[in-house]
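Single-structure report; data block below.
Just so you know, all these numbers are worked out from the coordinates, no wet-lab data involved. Not measured: the values here are computed from a predicted model. Don't worry about glycine lacking a Cβ; one is built from the backbone with ideal geometry, like all the others, and counts go over all protein chains shown.
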Amino acid sequence: MEFENIYKTYWERIFRLCMGFVNDRDLAQDLAQETFIIVWQKLDTFRNESGIGTWIFRIASNNCLRQIEKEKRFPKAELPSHITEEQHYSVEPQIQFLYQCIAGLPEMDRIIISLELEEVKQTEIAKIVGLSESNIRVKIHRIKEKLTQKFKENGQ
């Protein structure tokens, strides 16, 4: 598959996956961009041991996890009080709330639910995260219950 086709096919899904991890549009775009830079650089080493999508999602997930680790080591500094951060995008409030809820989940749960929301097959999710399919099914069910509860508590 040509890189251009891969990019067109997977860009939005990878971006949404990254949003699920970081809940920050600019950072998610940066992470998605970095993912595709890696894909472009390593495409000739792809061995078809898994689907190309599985490979790309694994790269994106690893990228996001590295970013989260970085943020834990070097927390973002607050903006000076006289400067306000502007939001340049509008996302439906329910979707924005969903991203907030996902961002509050443990790392493994974030990966799993983000991949599920991107309609990645549970078999592939199991390969990406290194768990059994049955474990993935149980985890997805529990994560959905947690998210549903948060929506109910928030009156969504």
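For GLU107 and LEU131, the difference between the fully extended length at 0.36 nm per residue and the C-alpha to C-alpha distance is 7.2 nm. For the chain, the membrane-span-like helix rule (DSSP H, alpha carbon extent of at least 20 Å along the helix axis, mean Kyte-Doolittle at least -0.5) picks out 3-22, 25-42; this says nothing about an actual membrane. Measuring r between the beta carbons of GLN149 and LYS121 and using R0 = 35 Å, the FRET efficiency lands at 0.85.
Convex hull of alpha carbon positions in the chain: directionally averaged projected area 10.8 nm². For LYS127, a cut-off of 12 angstrom between C-alpha atoms picks up these aspartates and glutamates, skipping any fewer than 8 places away in its own chain: GLU49. Calculated on C-alpha atoms, the gyration radius of the stretch 9-50 divided by its Kirkwood radius gives an Rg/Rh of 1.05.
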